[in-house]
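The values are calculated or read from the model by the stated rules, or taken from the named source; none is laboratory data. Here the structure is a predicted model, which is why all the values come from computation and not from measurement. Every residue, glycine among them, receives a Cβ derived from its backbone with ideal geometry; neighbour counts consider all protein chains shown.
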Amino acid sequence: MSVAITGGTSPYTVVYNNGVSNVTLTNYVSGTSIAVSPSSTTTYVLVSVTDANSYVGFGNSGTAIVTVNSSVSGTVSGMKLFVQVLNQLILLCPIM
């Protein structure tokens, strides 16, 4: 997942919630991938964005649902096949 930030001065501090606790990313550059690896379907919610000059973004919103589908396995011509799918969405956040 990633956060697209408009305005303000990079790098940013991004805070998102993973359904259990807030996670803080420092030195974040807009659009950079954020690696997550949930064991089950998880909703991530953007909490706040602050720019390099300590200006806090307003109107911050965004939700990403990472869906973890059941693993599918089987045998194809003597080879083991393993598939796991994650859907990722993009969060958008303006800073003025």
Flag for T75 being β-branched (V, I, T), loosely packed, with under 10 Cβ neighbours inside 10 Å and either at pLDDT below 95 or under 12 Å from the mean Cα position of the chain (by Cα) (or both): yes
Filtered residues of the range 5-30 (kept if among the hydroxyl-bearing types (S, T, Y), in contact (Cβ under 8 Å) with a residue 40 or more places away in the chain and part of a loop (DSSP other than H, G, I, E, B)): T9, S10
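Kindly check whether there is at least one residue in the range 42-52 that is in a loop (DSSP other than H, G, I, E, B) and at pLDDT 90 or above.
yes
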Hits in the range 1-50 (condition: polar (S, T, N, Q) and out of contact with any strand residue (DSSP E or B) (no Cβ under 9 Å at 6 or more places or on another chain)): T9, S21
Among the candidates L86, L25, L91, residue that is at pLDDT 95 or above and among the aliphatic types (A, V, I, L, M): L25
Odd one out for S2 among (1) free of Cβ contacts under 8 Å to residues at least 40 places away in the same chain; (2) surrounded by 15 or more Cβ atoms within 10 Å (Cβ to Cβ): (1)
Residue check, S70 at pLDDT below 90, exposed (fewer than 15 other Cβ atoms within 10 Å of the Cβ) and in a loop (DSSP other than H, G, I, E, B): yes
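Looking at the range 20-60, which of its residues are small (G, A, S) and either surrounded by 11 or more Cβ atoms within 10 Å (Cβ to Cβ) or closer than 16 Å to T9 by Cβ (or both)?
Across the range 20-60, the qualifying residues are S30, G31, S48, A52, S54, G57.
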